[in-house]
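K.L.:
Have a look at this one before I ask anything.
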Amino acid sequence: MQFIPRTNTHYKLQRECEKHSFKFMHEFSPRQNERMRSNYDASIKPQSFEVGAYVLLFVPKMPKLPILSGLSFTSGRTKS
């Protein structure tokens, strides 16, 4: 395989391409987010409950972070 040296022109073209891609995503992303939000909202059915009615509430537990599970919030000193 032959080594092809990169020139300043190559880097300038690559940078232009990156700028164009970033600009496109910056303009396209909010529209896509809005489209996804409206589609999600359209699939949600409104719920109504009578006053005093019993309802089940699902509250998932937060997973423990493996990084923080072994840490304590003390200074690390033990009483002697």
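Bear in mind that the values in this text are calculations on the coordinates, not laboratory data. These figures come from a predicted structure and were not determined experimentally. Ideal geometry is used to build each Cβ from the backbone, glycine not excepted, and the neighbour counts take in all protein chains shown.
K.L.:
Using 7 Å Cα-to-Cβ label points, what is the Lys61/Tyr11 separation (nm, one decimal)?
P.N.:
Roughly 5.4 nm, to one decimal.
K.L.:
Report the net charge of residues surrounding Ser43, where surrounding means a beta-carbon distance below 14 angstrom and charges are Lys +1, Arg +1, Asp -1, Glu -1.
P.N.:
So the surrounding residues net to +2.
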